[in-house]
């Protein structure tokens, strides 16, 4: 059936224009983009989707999600994570390999693809492990993993400590055309730490993790990118010096890209003062200076992507003493709201924000998406950028509820998510 998305404001991250137009969807693709009100159909089979007062954007693409399946289905499943993604306006997500067993083999990659097809909601792109068992000792079979459906490689959750192994990984990844995503952490510097090392950690008596634990490994990856010529993507950037290092690498023409997550430009280490374990993440929430540097990095293009680092945990891992709690917070359902705050603050324009949530992730991962064009795939999201709401636990669709934003007033949310011309989620209230 033909779908007529009527009277919406299209945000095009390619041209960076915002224009009120109609979109006609035939099957899985956009057949026409027209001035409002001129569309006529020869058949009566037209479904009208009223987008008046809403933004129509390319479906968001999250290149850093933890879906927990296989092995930790009590925290999240591929189906529940896909539903949470759709509710957040995401039409595609790339899932990290730190499952049980880890995604280090063809069989696990194929299992993820099959489970995603069974869920039949959003597109799920597996990120496979760099090393067998994520132990940092022996490389996985990159060719097999790519054939099975992997679009990238990472040992996210743990860094690849062995620099020679990381060098070989980057060389082989370049040969196979796979994106390398680096979790930058010096485990010797971060060992025993549970929050950012600074005045707040000293005040409340929690062991800290210095910014250098991230920055040392960011510098190493930049050196290896220079040495191998292989592009490297730096995950969850959190410190001012990391931003500065990446900026200098880009100025030198090196193939380095980077992402941050909404909590790193929204919260700082003071959020931990109440010992709220939902504010415990890895890397940790940093200082006010770091937050401002991350915002500047987003503004000037040093940081290319806004990813969620959606990390579901059950009460078993969170309702414990702070130093025993697992790090991570969910983020798929709040990412747009928190990103929109940057637009209202003047850090990003609306097209720039949408670009970091859709077009640039698609280009880094080498997957289709991130644009609105005739003949293109109809992966689209309708958002209400003026909707104010208080986040409640009951409306979270993820199986886990570990977020410090419960009870906070947010603005802007998805109201309809379409994947391949099919509405997979729609807000009913």
Exercise. Among 166, 1, 63, what is the fewest-to-most ranking by other Cβ atoms within 10 Å?
Worked result: 1, 166, 63
Problem set entry | Residues 145, 224, sorted so that the one with the fewest Cβ neighbours within 10 Å comes first | 224, 145
Exercise. For the stretch 188-327, what relative contact order do you get, as a whole percent, if you take Cα pairs closer than 8 Å and at least 6 residues apart?
Worked result: 25
Exercise. Using 17 Å as the cut-off for backbone N distance, which residues of the stretch 147-177 belong to the label zone defined by a point 7 Å from the Cα of residue 252 along Cα→Cβ?
Worked result: 167
Problem set entry | In degrees, nearest ten, helix 288-300 long axis to first principal axis of the chain (Cα) | 50
For this session: Working from Cα positions, state the angle (0 to 90°, nearest 10) between the long axis of helix 212-228 and the longest principal axis of the chain.
Result: 70
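If I stretch the segment between residue 32 and residue 118 completely, what's the gain in nm (0.36 nm per residue apart, minus their alpha carbon distance), one decimal?
27.9 nm
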Problem set entry | Average Cα contact separation per residue, the stretch 249-381, under 8 Å, 6 or more apart, as relative contact order % | 23
For this session: Taking the chain as the reference, fit the longest principal axis to its C-alpha atoms, fit the long axis of helix 335-345 to the helix C-alpha atoms, and give the angle between the two in degrees, 0 to 90, nearest 10.
Result: 90
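Classify the stretch 238-338 as rounded, prolate or oblate, taking a ≥ b ≥ c as the square roots of the eigenvalues of its Cα gyration tensor: rounded when a/c is under 1.5, otherwise prolate if a/b is larger than b/c and oblate if not.
Prolate, since a/c reaches 1.5 and a/b exceeds b/c.
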For this session: For every helix of n ≥ 4 consecutive DSSP H residues, a contribution of -39,500 (n - 2.57) applies; sum these over the chain, divide by its total residues, and give [θ] at 222 nm rounded to the nearest 500 deg cm²/dmol.
Result: -9000 deg cm²/dmol
Exercise. Using a Förster distance of 35 Å, how high is the FRET efficiency between residue 363 and residue 73, based on the Cβ-Cβ distance and rounded to 0.05?
Worked result: 0.60
Exercise. So how do 65, 77, 334 line up by other beta-carbon neighbours within 10 Å, fewest first?
Worked result: 77, 334, 65
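Suppose R0 equals 25 Å. What FRET efficiency, 1/(1 + (r/R0)^6) with r the Cβ-Cβ distance, do residue 292 and residue 212 give to the nearest 0.05?
0.85
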Seminar exercise, completed: Here the gain from full extension of residue 422 to residue 202, 0.36 nm per residue of separation minus their alpha-carbon distance, amounts to 74.0 nm
Exercise. Label residue 52 and residue 107 with points 7 Å out from Cα along Cα→Cβ: what is the distance between them in nm?
Worked result: 5.7
Problem set entry | Net length gained if the chain between residue 408 and residue 41 were fully extended (0.36 nm per residue, minus Cα distance) | 127.6 nm
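We did not get these values from a lab; they are worked out from the coordinates using the rules stated. Quantities reported herein were computed from a predicted structural model and do not represent experimental measurements. Cβ coordinates were reconstructed from backbone atoms using ideal geometry, including for glycine residues, and neighbour counts include every protein chain displayed.
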